[in-house]
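Student: Structure provided below as structure tokens; questions to follow.
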Ligand SMILES: [Zn+2]
């Protein structure tokens with residue numbers, strides 16, 4: 001069989017030969033005919049050249065500029081690693097420092113940056129922003145951070161933002177949020193949900209100075225010092241994978257231990273999300289600290305509630321008014337000498353402190369001048385239960401199975417860099 005391209009060339013050659021051969025040529029018309037065919041060949045060559053140039057332009061557009069990416073997302077994120085601090089100490093090797101306009105600054109290290117009005121003073125200079133980059137990492141108050149770090153004046157202190165490649169950020173994050181020594185499938189699940197959460201917040205806060213807090217307000221991130229091989233392997237094995245719903249990256253909330261049932265998102269944040277409905281989870285039952293107790297002085301509870309605008313004095317009882325299907329308290333009543341006040345349990349937990357009242361599934365009883373809180377679970381309860389996920393991984397489930405269990409109806413997508 002003749003290859004297609006050979007067939008095309010063969011037909012073209014045959015056609016040209018036939019055209020030339022079919023013309024009756026007399027001497028009188030030789031010159032004219034030759035001239036005619038010369039012009040015709042020139043026009044054909046010009047036409048071919050224009051086509052060639054057009055084709056080149058198209059190819060340049062496709063390969064140099066690139067096709068429109070599907071679900072294009074930038075792959076660096078900005079994390080606030082220090083907020084409202086008076087000064088930061090920067091150290092490291094082969095550091096390059098620039099100001100807000102990109103001009104290189106000749107400063108020595110260690111470098112202490114301080115707020116000075118609306119500017120930053122460091123090394124005898126005053127600039128609007130200090131941008132430090134390193135081929136390795138920069139130490140901020142002793143902690144290592146990759147990428148580029150920007151120091152600016154904000155509020156009453158300094159704001160330090162670390163701009164970092166998303167995948168590198170995740171390697172450092174793993175051991176802040178769980179332990180990389182846990183079964184690999186749960187570490188991979190954590191990598192996917194942390195990536196999804198980060199990208200969702202990146203889009204939601206795209207017009208703000210930074211995308212993520214480095215605390216439990218978003219995801220805990222303490223830099224690169226606690227990176228290790230297993231964390232890197234879990235991130236690499238799930239590279240660019242995110243949870244999606246209807247083609248969009250989801251708000252992948254997670255928590256430590258649900259205590260028996262995860263929570264629907266609207267019961268915590270008045271935010272109804274179809275993939276955060278709450279599921280039964282018996283897997284975290286045997287986890288350490290699943291049950292907790294804390295004793296608080298009655299006076300202290302009263303002052304915390306008054307700080308939140310609730311008028312209480314001489315608390316007699318705190319009792320649940322109603323509970324959600326998960327067992328967590330929806331609303332509670334605080335009875336005191338000045339009457340009763342009602343509040344959502346999530347508000348009570350916020351006022352008392354998230355680390356003190358570890359979940360809203362609790363009982364409270366008076367013990368003399370103190371209140372004893374006995375609770376179940378740890379965290380808001382929405383999305384993936386980390387200790388439950390760990391148990392599922394130990395029972396042989398894959399990270400994909402674990403994710404589909406805690407986020408019903410989600411898909412696994414892959415982001416495309418632009
Ligand atoms: Zn659980």
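No lab work stands behind these numbers, since they all come straight from the coordinates. Owing to the predicted nature of the structure, the values given are computational and were not obtained by experimental measurement. As a convention, Cβ positions derive from the backbone with ideal geometry for all residues, glycine included, and neighbour counts pool all protein chains shown.
Student: Based on C-alpha coordinates, I'd like the Rg and Dmax of the stretch 257-318, in Å.
Tutor: Values for the stretch 257-318 (Cα only, Rg and Dmax): 16.7, 43 Å.
Student: Here is a follow-up. Provide 150, 394 in ascending order of the number of other Cβ atoms located within 10 Å of each residue's Cβ, fewest first. Mind showing how you got there, number by number?
Tutor: Numbers: 150 21, 394 13.
Ordered from fewest to most neighbouring Cβ atoms within 10 Å, 150, 394 come out as 394, 150.
Student: Restricting to Cα pairs below 8 Å that are 6+ residues apart, what does the relative contact order work out to for the stretch 127-202? Please round to a whole percent.
Tutor: Over the stretch 127-202, the number comes to 19 percent.
Student: Considering the Cα positions of the stretch 256-359, please state its Rg to one decimal place and its Dmax as a whole number of Å.
Tutor: Rg and Dmax of the stretch 256-359, Cα atoms, are 15.0, 44 Å.
Student: Taking Cα centroids, how far is the stretch 157-224 from the stretch 353-418 in Å?
Tutor: 18
Student: Treating the Cα atoms of the stretch 144-275 as identical point scatterers in vacuum, please give the log10 of the normalised Debye intensity I(q)/I(0) at q = 0.15 Å⁻¹, two decimals.
Tutor: Debye output, listed in q order: -0.78.
Student: Would you please report the Å³ per residue occupied by the convex hull of the alpha carbon atoms in the stretch 300-418? Don't skip to the end; give the middle numbers.
Tutor: Working: hull volume 18.5 nm³, N = 119.
Spread over its residues, the Cα hull of the stretch 300-418 gives 155 Å³ apiece.
Student: What is the stretch 291-376's relative contact order, in percent, from Cα pairs under 8 angstrom and six or more apart in sequence? Before the final figure, lay out each step's value.
Tutor: Values: 167 pairs, mean separation 29.3, N = 86.
The value is 34 percent.
Student: Return 350, 156 ranked ascending by Cβ neighbour count within 10 Å, so the fewest neighbours appear first.
Tutor: Values: 350 14, 156 9.
Going from least to most buried by this count: 156, 350.
Student: On to the next question. Can you give the convex hull volume of the alpha carbon atoms of the stretch 219-271 per residue, in Å³?
Tutor: Details: hull volume 8.0 nm³, N = 53.
Measuring per residue, one finds 152 Å³ for the Cα hull of the stretch 219-271.
Student: Could you list the square roots of 5 times each eigenvalue of the Cα gyration tensor of the stretch 139-221, that is, the equivalent ellipsoid semi-axes, sorted largest first and rounded to whole Å?
Tutor: On the way: eigenvalues 118, 48, 22 Å².
So the equivalent ellipsoid measures 24, 15, 10 Å along its semi-axes.
Student: For the ranges 377-386, 229-238, 216-225, what's the packing order if you count other beta-carbon atoms within 10 Å of each residue, average per peptide, and put the highest first? If you can, show how the numbers build up before the last one.
Tutor: Details: 377-386: 26.7, 229-238: 18.8, 216-225: 17.2.
Going by the mean number of other Cβ atoms within 10 Å, highest first, we get 377-386, 229-238, 216-225.
Student: How do 387, 292 rank when sorted from fewest to most other Cβ atoms within 10 Å of their own Cβ?
Tutor: On the way: 387 27, 292 18.
Neighbour counts put them in this order, fewest first: 292, 387.
Student: A further question on this structure: Under 10 °C and 1.306 mPa s, how fast does the stretch 78-164 diffuse according to Stokes-Einstein, given a Kirkwood radius computed over C-alpha pairs? Answer in µm²/s, whole number.
Tutor: Values: Rh = 12.4 Å.
My calculation gives 128 µm²/s for D.
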